[in-house]
Amino acid sequence: MVLAALGLTTGAVPARPGAGPGPSIRVGPAAGPPSTTVPGGSSHAVVVVPPPAPTPSRAAAPGAPRAGAASDAVDSGAPGRPRGWQRLQRREQLATAFGWVRNVGAIVILFAGWQVWGTSISQRQAQQSLGSDFRAAAGHHTAASGTEPLIAAGSRIAQPQDGSVVARLQIPALGVDQYVVQGTAEGDLAKGPGHYQGTAMPGQGGNVAIAGHRTTYGAPFNNLDQLALGDPVVLTADSGRRFEYVVSQRPQAVAPSDVSVLRFFGDNRLTLTTCNPRFSASQRLVVVATLRTPVAQAPGAVGHERASTRPGGGGSVGWNLVYLPAALAVLAVMVLLGV
């Protein structure tokens with residue numbers, strides 16, 4: 001009766017209508033210190049039983065964490081790291097390697113682009129400057145001494161400065177119209193075709209030898225192998241005098257060390273050389289053209305030209321390899337950094 005007056009029973013207290021599951025209160029013999037003294041001398045402990053955990057529904061709400069998610073998010077082999085971190089790390093490494101390959105490829109492409117197009121732009125600018133110098137020199141000679149005859153082969157004449165303009169070369173069959181500079185060094189050929197030092201000067205009898213690039217720096221001799229017998233070649237000296245040559249020998253390939261094509265042969269000829277095949281310097285392509293109007297040679301011409309003839313190293317080079325060691329060094333450093 002006392003328990004009924006207090007609203008306590010030995011069973012669970014009925015839940016209020018509409019209320020959710022709550023803690024149930026049970027009364028039993030005190031096993032420990034009494035928490036509530038019941039009037040009448042009987043001491044019982046009031047035990048509060050927590051409600052049972054709700055059973056998760058089969059269809060969980062979207063985004064709600066599922067049971068065991070914490071254990072799934074942790075890699076058993078690497079505590080504290082999310083599952084799949086190794087795959088992410090491999091992807092980052094592949095992305096880094098791809099970035100280095102892309103950068104190296106870009107440098108190689110830029111270097112090749114400069115060789116093909118950049119050098120042509122610089123050569124075109126140099127040709128414009130040489131053209132101004134040539135017109136000034138030709139006008140000065142014409143005003144001073146009129147038309148000059150062909151200088152006899154073997155005559156000792158002053159050698160112009162390396163890189164200065166000495167003639168104008170025109171090959172109508174190939175569409176070539178270039179100003180020729182003195183010398184065949186790499187810096188000379190970067191401006192245009194170069195005259196071999198030691199051979200006859202333009203406007204002089206003997207063997208006038210000229211070298212030119214075939215693939216870079218405007219590639220003035222790119223199609224030299226297409227010349228046919230009888231094709232005209234016009235060479236205008238800085239004196240303003242025009243000399244017309246005719247191709248008399250088919251283009252032929254010789255070894256780069258073969259300098260016999262530059263010696264004096266007893267006639268008045270123009271020898272054009274370039275690298276062969278394209279993009280290689282394994283051979284030297286030679287084209288010979290003979291002057292239309294023969295001119296008698298001065299005595300001692302043969303000995304003079306043979307003694308002074310020497311080949312230029314740049315005449316047989318298709319690519320400008322001056323910066324190749326530096327480019328390879330940069331490439332090697334980038335590859336090592338990428339690794």
TODO: Leaving ligands, DNA and RNA out of it, work out the accessible area of Arg278 with a 1.4 Å probe and give it in Å² to the nearest 10.
DONE: 90 Å²
Open item on the list: Given a 1.4 Å probe and heavy atoms of the protein chains only, how would you sort Ile109, Ile151, largest accessible area at the top?
Closed with: Ile109, Ile151
TODO: Can you tell me the FRET efficiency between Ile109 and Ser155 if r is taken as the Cβ-Cβ distance and R0 is 35 Å, rounded to the nearest 0.05?
DONE: 0.10
Task: Per-residue SASA entry for Glu186, accessible area with 1.4 Å probe, Å² rounded to 10 - done: 50 Å²
Task: Inter-site label distance for Leu174 and Leu94 at 7 Å from Cα along Cβ, in nm - done: 5.1 nm
- [ ] Starting from the residue with the highest accessible area, list Arg250, Arg292 in decreasing order, probe 1.4 Å.
- [x] Arg250, Arg292
Open item on the list: Given a Förster distance of 45 Å, report the FRET efficiency between Asp133 and Arg87 from their Cβ-Cβ distance, rounded to the nearest 0.05.
Closed with: 0.10
Task: Under Karplus coefficients 6.51, -1.76 and 1.60, residue-wise ³J(HN,Hα) of region 232-247 in Hz, glycine/proline x - done: x, 9, 9, 10, 10, 6, 5, 7, x, 7, 8, 10, 9, 10, 10, 4
TODO: Please report the base-10 log of the normalised intensity I(q)/I(0) for region 151-269, using a Debye sum with one equal scatterer per alpha carbon and no solvent, at each q in 0.17, 0.19, 0.20, 0.22 (1/Å).
DONE: -0.87, -1.13, -1.28, -1.59
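Determine the order of Leu110, Leu272, Leu150 by accessible area, beginning with the largest, at a probe radius of 1.4 Å. All intermediate terms of the calculation are to be shown ahead of the outcome.
Numbers: Leu110 125, Leu272 5, Leu150 25 Å².
Per-residue accessible area, sorted high to low, gives Leu110, Leu150, Leu272.
The values are calculated or read from the model by the stated rules, or taken from the named source; none is laboratory data. Just so you know, these numbers come straight off a predicted model, no measurement behind them. Glycine also receives a Cβ, built like all others from the backbone with ideal geometry; neighbour counts cover every protein chain displayed. Surface areas here come from the heavy atoms of the whole protein model, side chains and all, with no ligands, DNA or RNA. Shrake-Rupley method; radii C 1.70, N 1.55, O 1.52, S 1.80 Å.
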